[in-house]
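Reading through the structure tokens given below for one structure.
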Amino acid sequence: MIYLFSGLLSGGILTAICWPLFAKHDSLESTILEETQWDLLQRKKDVILGNIQDLDFEYKCGKLSEEDYKLSREEMVAEVALVLDRIDGIESSQDLDALIRTEVSARKERVAGSRVCSSCGQRNSPQNKFCADCGTNLE
């Protein structure tokens, strides 16, 4: 009996501690923290440049033949050039203020399209049939 009680108590405490890690929040703050296309391209650029540095290091250590090194480096340089062109296209096609206004309006539309629970007031995504917070039927 004590083992059962201890197990239930431990499970409850573990659930209470881990719940915030797995709970999905559809609030305005979490929407603002989403990455834009520009952010994703910047991250991709950083990853490719890091890969080029690793490739250079492996070549200097003698792990790659000169033929493999040149071929791989050319592919990576071409890929980073494409990413940089896309970044420049985003930055030059619109001024940054217009880009910010576009992102803000797109995120507001996503938040506005959400359903509000009549019971607890929690915002839910449009595809939810039940409230993610209290379980009330949204239809």
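Computed from the coordinates by the stated procedures, all read-outs in this text should not be read as laboratory data. Predicted model only: the values in this text are computed from it and were never measured.
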(message) For Phe130, what residues show an amide H to amide H distance below 5 Å, using hydrogens built from the backbone and excluding near sequence neighbours?
(response) Leu138
(message) Give the lysines whose C-alpha is closer than 24 Å to that of Lys129, dropping any in the same chain fewer than 8 places away, or say none.
(response) Lys24, Lys108
